[in-house]
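The values are calculated or read from the model by the stated rules, or taken from the named source; none is laboratory data. Computed from a predicted model, the values in this text were never measured in an experiment. Cβ placement follows ideal geometry from the backbone for every residue including glycine, while neighbour counts extend to all protein chains displayed. Note: accessible area is taken over every heavy atom of the protein model, side chains too, but ligands, DNA and RNA are not part of it. Shrake-Rupley method; radii C 1.70, N 1.55, O 1.52, S 1.80 Å.
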Amino acid sequence: SAFEPCDFVLFGAKGDLSRRKLLPSLYQLEKANLLHAGTKVIGVARQEYAVEEFVEIVKSNIEKFSGEPLCEDTWEALKARLDYVCIDMKNPKDYKKLEGHVDPSRTMVCYLATPPSIYGDICRGLHECDIIDESLRVVLEKPIGHDLASSKVINDQVAEFFDEKQIYRIDHYLGKETVLNLIALRFANSIFATNWDHNCIDHVQISVAESVGIEGRWGYFDDAGQMRDMVQNHLLQILTLVAMEPPTTLDADSIRDEKLKVLKALRTIDSSNVNEMTVRGQYTGGFVKGEEVPGYLDEPDANQSSRTETFVALKVLIDNWRWAGVPFYLRTGKRLPSKVSEVVIYFKRQPHNLFGESFSTLPPNKLVIRLQPDEGVEITVMNKVPGLTSKSSMDLQKSKLNLSFSEAFSEDRIADAYEKLLLEVMLGNQALFVRRDEVEQAWDWVDSILQAWRTSNEPPEPYQAGTWGPVASIGLLARENRSWYESK
Ligand code: BG6
């Protein structure tokens, strides 16, 4: 592969994210021959390990989480790159230990897969041990803060030592093939490019449904809730890609400038309109995929009086020229019937009905972008039913034009988002990472909703696990004569 070798330093190498996602992703990049021959992977954690012990830990996690039998050749190649350094990340003196393990003449990528509360310590430590120069890249995981104020604190701590050009903030949804495909779909197809506004589009739906609960993370999740955990980042990022103006180029800042403008145009939701624009829910016990599951308040370690939301539905308005009057309905929740993410564009009806009654009952065109699983793009179109009929000369029916990724690209495995993002960091391309002003703008908008919820002092609405959320979520659309798209 063409790019330069680097020292990839993984802080928090023993943590959940490293084990489940980052190490298996490095393994896949190795398998695809996308790591430079000279690239090294240096694990950093608090525990004292011999390199051999660390190598064993990496191996067992790859076996457990890569979802496929270990390929010996790939593993041997990856193993040869591994190194380990034990560092107490809060102690700036400890970072000296990196000397001899990293080569200052090469690009260094520091991936902070640690709690954000120690991002500042790590950056200071790297700074004080004198291994920072402009070639160093630092990768930050979410959550960047809990609200606008705390996200500024974290961003300031990092900015004290690094320039924005060196900072790669992860939103792993930006590494998903289908999310990236939104850019191609919109700007490489004139049939969409010219129809993408309030003249042609009635409304947009963005759903990110999960069937999992909180997976043993009660403490973290209860502090965050679905709004901070999913809407502030993933759903708003999808929304910006659907709604942004065409960027001038695909450069990082061209794209990020346009995304930021969308975030700035979001209509504020506060106490004056929160009831009309938002729904929040919390799951109770039920059945998901035939299996009985406990309610949120009965999960292990739960605080029984928690009012944290596990479901959010929103009506979002974008106050700009393109989107005036076009609602974007967003919903996301835990313990819904299945894991499915999709964007659905509902086009407007035809201005005049030529087809009589049978047409008025048929729905307008819809573009369904299936983000996951069963990745694909589908358009519903009206079609004349072929054949002779005595009733009328034109009977219509709804048909689908369907592009299924697994059929169209059956040779290619769909890469995990983290594989794409790790590669982009190594290439030094920031386009798929979130800029500081985007994160802060998103927090600003979200904070206002969270504040309004706190002020209203109402508990979230219960919904049974295995259903599509509280009844009010249906009402949010029904009162405007619309309904949620029913995924298959
Ligand atoms: C993470 C959230 O960012 O995204 C999790 O913290 C959530 O709560 C996950 O389950 C969903 O990601 P994906 O890629 O499985 O859709």
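For this structure, a couple of remarks:
- Residue 158 meets the conditions (1) within 21 Å of residue 89 (Cα to Cα); (2) assigned to a helix (DSSP H, G or I); (3) in contact with a strand residue (DSSP E or B) (Cβ under 7 Å, 6 or more places away or on another chain); (4) open to solvent by 10 Å² or more (accessible area, probe 1.4 Å) in every case but one. The failed one is (4).
- Filter pass, residue 390 being in a loop (DSSP other than H, G, I, E, B), in contact with a strand residue (DSSP E or B) (Cβ under 6 Å, 6 or more places away or on another chain) and modelled with pLDDT under 95: no
- Under the condition of being among the aliphatic types (A, V, I, L, M), open to solvent by 20 Å² or more (accessible area, probe 1.4 Å) and within 16 Å of the ligand (Cβ to nearest atom), the residues counted in region 217-256 number 0.
- Which numbered condition residue 147 misses (of (1) farther than 30 Å from residue 453 by Cβ; (2) more than 14 Å from the ligand (Cβ to nearest atom); (3) touching a residue at least 40 places away in the same chain (Cβ under 8 Å); (4) open to solvent by 20 Å² or more (accessible area, probe 1.4 Å)): (1)
- Qualifying positions in region 170-192 - open to solvent by less than 50 Å² (accessible area, probe 1.4 Å) and either in a strand (DSSP E or B) or more than 16 Å from the ligand (Cβ to nearest atom) (or both): 183, 184, 185, 186, 192
- Residue identified as away from the ligand (no atom under 16 Å from the Cβ), in a loop (DSSP other than H, G, I, E, B), open to solvent by 10 Å² or more (accessible area, probe 1.4 Å) and under 28 Å from residue 463 (Cβ atoms) among 202, 270: 270
- For region 1-31, the set of residues classified as farther than 11 Å from residue 58 by Cα, part of a loop (DSSP other than H, G, I, E, B) and touching a residue at least 40 places away in the same chain (Cβ under 8 Å) consists of 3, 4, 5, 12, 15, listed by residue number.
- Residue 431 being among the small types (Gly, Ala, Ser), outside any loop (DSSP other than H, G, I, E, B) and under 30 Å from residue 257 (Cβ atoms): no
- Flag if residue 55 is out of contact with any Gly (no Cβ under 8 Å at 6 or more places or on another chain) and open to solvent by 10 Å² or more (accessible area, probe 1.4 Å): yes
- Residue in region 62-74 that is in contact with a Lys or Arg (Cβ under 8 Å, 6 or more places away or on another chain), open to solvent by less than 50 Å² (accessible area, probe 1.4 Å) and without any contact (Cβ under 8 Å) to a residue 24 or more places away in the chain present: yes
- Close Cβ contacts (under 6 Å, 6 or more residues apart or on different chains) running from residues in region 330-359 that are away from the ligand (no atom under 16 Å from the Cβ) to residues that are of a type in the set (S, T, N, Q) and assigned to a strand (DSSP E or B) comprise 344/205.
- Residue satisfying condition, being more than 30 Å from residue 403 (Cβ to Cβ), among the small types (Gly, Ala, Ser) and in contact with a helix residue (DSSP H, G or I) (Cβ under 6 Å, 6 or more places away or on another chain), within set 120, 175: 120
- The condition of being away from the ligand (no atom under 16 Å from the Cβ), polar (S, T, N, Q) and touching a residue at least 60 places away in the same chain (Cβ under 8 Å) does not hold for residue 166.
- For residue 214, the test of being within 16 Å of the ligand (Cβ to nearest atom), within 28 Å of residue 139 (Cβ to Cβ) and part of a strand (DSSP E or B) is failed.
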